[in-house]
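Trainee: Attaching a single structure in structure tokens format; questions to follow.
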Amino acid sequence: MKRLLLLGLNHSTAPLDVRERLAFSAPQRIGALVALREKFPGVEAVLINTCNRVELYAARAVHGHPRHDEMIAFLADLRGVPVADITNHVYQKSEKDVVAHLFTVASSLDSMVIGETQILGQVRDAYDAAREAGAAGGSLNPLFQKALAVGKQVMSETKITEGRLSVGSVAVDCAGKIFDRYHDKTVLCIGAGKMAALVLQAFHALKPGRLLICNRDPAKAELLAKRFGGVAVPYENLADHLIAADVVVTSTGSQHPIITRQTFEPLRRARRYRPIFFIDIALPRDVEAGVGEIENVYLYNLDDLQQVVAATHTQRGGSIEHARKIVDEQVDRYLSWTRVRELGPTIDKLYQRHHELAREEVDRIVNKLPGISPIGRQHLEELARRIVNKLLHDPVKMLRESDSPHALGQTYLHAMEKLFQLDENAKPPDEGEDDAAH
Amino acid sequence: MPTTAQLILLIVVVALFIAGGMLSFARLKWDRRDLRIASRICLGAGIIAAGALLAWHAASRRNWVPIGDNFDALVWLATLLAMFTLYVQRHRTLGALDWFVMPIVIALLIIAGVFGRTEYHEYHPAVGNTWAWVHRVTSYGGAVAFAIAAASGAMYVVASRKLRHKQAVGPQYGSLERLEHLTMTSVTLGFALLTIGMITGGVTMFAAGSHTPPAKIVLAALVWLVYAVVLHAPLNPSLRGRRVAVLSVVGFVLMLGTVVAVLLMPGGTS
């Protein structure tokens, strides 16, 4: 039996500057999972890392490690961030709360833009990375497979994705507050990832005068430029492109800002002080916050776009309710399924152990009765078997009946394992065991 | 001097404009089509009533040439502003323009009512020639254009501030680009009219040998200078954006000062 734990922070609990300090690139994510398993052997783990969230899911032995405080320390240590800087921004969940949270995340109900579909791919990527690192096992495999299925179900059975406010549509809406027409405007996209493509798609629909795509890897820029009828431009001439641009979308994987106040301010004169709109959807940020303080510069990062989304009324209340209902139902079903899965082997072990004891006792008695006939022996064995069955009937019945989402099944199961020493790995509880499920 | 009945009609005009303004403000909370139509109806009815008041006043003083006295001038100014607002709102999506212009319109009408009773004076008959009339029409026309420029400038400042602070900017504000364009167009038109007004004013002053109060000349020159700086923006783009918007508001405040200076100085107008 394993315990599920979650430690995370997202757009609603942590500001962008905290999130970007904990962000992982794809290779870093796999490295983190490997490091976690080296430090805590036997633990299963999946690390979800998107623009808006960093979440570490773990499944470990009931009295094993890591605990939540160890998970915080691990993440902080790995990213070189003081623990105190993140403690107030993280949330900790265990057991069924982990399941409910993951299903909510996969269904996009916890997203900055409710109904966005990218999150499903991001959860899948995280799960694939965990499998690649050998970090997903018997507990997290079914959990993530179910989460992906629930996410798909929500997207297909509800209208949550219809009329949604994507980051791209929100960015275009904001641009519309600055610019009136686009046929004489230049849109510059720095980075050629999925998110950049999504925002670019929204701007492409406005038919801007020029669409420039700038990326460190020119091949990727070419690909995106071909897709949107833009022009791939060399990254080395970024300053020239910034002079030409009216709208700049940045979404690179750079660990440091690529546009700083110091680099942009000298370009203003050459730009003839035209207004410029920066949409920085990168994490860590690509555009230094100070750039947004310059006159005629409008800088929006992910958190700012979230504010705009929050201020915009959506007409999808019914769909969201419907989606939440699906998630709740699926959480209950999954928990029942896991309980049954855990209950079966435990009950089997219980019967096996007691029947074995009964057999040993029957053998001892038979040895003391040398003249006992085979029929008498059979009667004795039957007697012992029936006693065991009768003795175990009530506790097992109670255990099975408690197998509902709101009952104490988990507690009984755990108690039974302890009392009858059914868990070979069970050790006395550590001092300071702090998990909520206790 | 306006009669009591004319003042009552003036109050009706003010009431209609206030009702229109309040309905328009209500759209901040409930952005409904019926509210927009009701607001436009009030604005239109106010303009018609103001036109009737001007006609009545002209008939009662037996002179159909507009802008013959300070009461007439202020009502004309307010009516032209209201008409321009209605026109701009119809042809360009700037639903918030009346939030910024109508307070000016209402203030001008109230000042017209108060000064019409307390400081009423007809403009100097000695300068009642074509030059003087052109001077008045261009000066007041310029004031209307500057009022629009100031309103769009104020809208620019508000919208820009909201955008920088990541607050929701309603669709009523249009875009910064549109507001900047409206400001520059209005300032260009107003500046041309003001320049003509100043030249014809000077000609009229010399022709009549009248003495123009220095305050009026100084203020008019200041207004002209401020708007000259605003018009300089395409040559010196560091001014563009918020600075131009603020300058257009400052210029209009000075313009209002000039108008009030003219109104408060009996016989002081050209």
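We did not get these values from a lab; they are worked out from the coordinates using the rules stated. These numbers come from a predicted model, not from an experiment. Ideal geometry is used to build each Cβ from the backbone, glycine not excepted, and the neighbour counts take in all protein chains shown.
Trainee: Picking from A:His393, A:His63, A:His322, which is most flexible by a Gaussian network model of chain A using Cα springs under 10 Å?
Mentor: Looking only at A:His393, A:His63, A:His322, the largest GNM fluctuation is found for A:His393.
Trainee: Order by neighbour count: A:Ile347, B:Ile41, fewest other Cβ atoms within 10 Å first, most last. Write out the running numbers ahead of the final one.
Mentor: Details: A:Ile347 18, B:Ile41 14.
Ascending Cβ contact count within 10 Å gives the list B:Ile41, A:Ile347.
Trainee: Hey, which lysines would be in cross-link range of A:Lys207, C-alpha to C-alpha under 19 Å, not counting anything within fewer than 8 residues on its own chain?
Mentor: A:Lys177, A:Lys185, A:Lys226
Trainee: Moving on. Using a 7 Å offset from the Cα along the Cα-to-Cβ direction at both B:Ala52 and A:Asn88, what is the distance between the two label points in nm, to one decimal?
Mentor: Taking the two extended label points, one gets 6.5 nm.
Trainee: Right, something else. Going by alpha carbons, how many degrees (0 to 90, nearest 10) lie between the helix axis of A:167-178 and the longest principal axis of chain A?
Mentor: Value to nearest ten degrees: 30.
Trainee: In which sequence would B:Arg136, B:Arg90, A:Arg29, A:Arg181 go, from the one with the fewest C-beta neighbours within 10 Å to the one with the most? Please report the intermediate quantities before stating the final value.
Mentor: Values: B:Arg136 25, B:Arg90 10, A:Arg29 22, A:Arg181 13.
Taking fewest neighbouring Cβ atoms as first place, the list is B:Arg90, A:Arg181, A:Arg29, B:Arg136.
Trainee: Evaluate 2.2 N^0.38 Å with N set to the residue count of chain B, then give the Cα radius of gyration divided by it.
Mentor: Numbers: Rg = 18.8 Å, N = 270, 2.2 N^0.38 = 18.5 Å.
Relative to the rule-of-thumb radius for its length, chain B sits at 1.02.
Trainee: May I ask for the net charge around A:Gly80, where only other residues with Cβ less than 14 Å from the Cβ of A:Gly80 are counted and Lys, Arg are +1 while Asp, Glu are -1? Present the calculation step by step, with values, prior to reporting the outcome.
Mentor: Values: positive: A:Arg21, A:Arg79; negative: A:Glu20, A:Asp77, A:Asp85.
Every neighbour counted, the sum reads -1.
Trainee: Take the Cα gyration tensor of chain A, multiply each eigenvalue by 5, square-root it, and list the three semi-axes largest first, rounded to whole angstrom.
Mentor: Values: eigenvalues 685, 92, 58 Å².
Each semi-axis is √(5λ); the values are 59, 21, 17 Å.
Trainee: A further question follows. Between 0 and 90 degrees, rounded to the nearest ten: what's the tilt of helix A:96-106 against the longest Cα principal axis of chain A?
Mentor: Between helix and principal axis, roughly 30 degrees.
Trainee: Now, a different point. List the aspartates and glutamates whose Cα lies under 13 Å from the Cα of A:Lys349, skipping any in the same chain that are fewer than 8 positions away.
Mentor: Within the straight-line limit of under 13 Å, A:Lys349 reaches these aspartates and glutamates: A:Glu417, A:Asp423, A:Glu424.
Trainee: For peptide A:274-287, what's the mean number of Cβ atoms from other chains within 10 Å of each residue's Cβ? All intermediate terms of the calculation are to be shown ahead of the outcome.
Mentor: Numbers: counts 4, 9, 0, 2, 0, 0, 0, 0, 0, 0, 0, 0, 0, 0.
Mean number of neighbouring Cβ atoms from other chains: 1.
Trainee: Among the helices of chain B (complete DSSP H runs), which have Cα atoms covering no less than 27 Å along the helix axis and a Kyte-Doolittle mean of at least 1.0?
Mentor: On the way: long enough: B:4-26 (32 Å, 2.35); B:33-60 (40 Å, 0.94); B:70-91 (31 Å, 0.84); B:97-118 (31 Å, 1.87); B:130-164 (50 Å, 0.58); B:176-208 (46 Å, 1.08); B:242-264 (33 Å, 2.16).
The answer, listed by residue number, is B:4-26, B:97-118, B:176-208, B:242-264.
Trainee: Averaged over B:165-177, how many beta carbons belonging to a partner chain fall within 10 Å of each residue's beta carbon?
Mentor: Numbers: counts 2, 13, 3, 8, 7, 1, 3, 0, 1, 3, 8, 8, 10.
Mean inter-chain Cβ contacts per residue within 10 Å come to 5.
Trainee: So for region A:224-322, what are the equivalent ellipsoid semi-axes in whole Å, largest first, each being the square root of 5 times an eigenvalue of the Cα gyration tensor? Intermediate values should be presented prior to the final figure.
Mentor: On the way: eigenvalues 165, 61, 38 Å².
After diagonalising the Cα gyration tensor, the semi-axes are 29, 17, 14 Å.
Trainee: What's the exposure ranking of B:Tyr87, A:Tyr235, going from fewest to most Cβ atoms within 10 Å? Walk me through the numbers on the way to the answer.
Mentor: Details: B:Tyr87 11, A:Tyr235 17.
The order, fewest Cβ neighbours first, is B:Tyr87, A:Tyr235.
Trainee: Given the pairs A:Lys159/B:Lys162; A:Lys93/A:Lys397; A:Lys152/A:Lys325, which are separated by over 25 angstrom at their Cα positions?
Mentor: A:Lys159/B:Lys162; A:Lys93/A:Lys397
Trainee: Within the set of other residues whose C-beta is less than 11 Å from the C-beta of A:Leu140, count the net charge using Lys and Arg as +1 and Asp and Glu as -1.
Mentor: Local charge sum for A:Leu140: +3.
Trainee: Scan around A:Ile213 for amide H atoms under 5 Å from its own, H built in the peptide plane at 1.01 Å from N, and keep only partners 5 or more places away or cross-chain.
Mentor: Residues meeting the criterion, in which the H sits 1.01 Å from N, are A:Cys189, A:Val231, A:Ala232, A:Val233.
Trainee: Please find, in a Gaussian network model of chain A (springs between Cα atoms separated by less than 10 Å), the residue of A:Val150, A:Val366, A:Val83 whose mean-square fluctuation is greatest.
Mentor: A:Val366
Trainee: Taking chain A as the reference, fit the longest principal axis to its C-alpha atoms, fit the long axis of helix A:218-228 to the helix C-alpha atoms, and give the angle between the two in degrees, 0 to 90, nearest 10.
Mentor: 80
Trainee: Mind telling me which of B:Pro237, B:Pro171, B:Pro66 comes out most flexible in a GNM of chain B, alpha-carbon contacts under 10 Å?
Mentor: B:Pro237
Trainee: Same structure again: Across peptide B:231-243, how many C-beta atoms of other chains are within 10 Å of each residue C-beta, on average?
Mentor: Numbers: counts 0, 0, 1, 1, 0, 2, 7, 6, 1, 6, 5, 3, 3.
Other-chain Cβ atoms within 10 Å of each residue's Cβ, averaged: 3.
Trainee: A:Leu419 to A:Thr260: extension gain in nm, 0.36 nm per residue of separation minus the Cα-Cα distance?
Mentor: 50.9 nm
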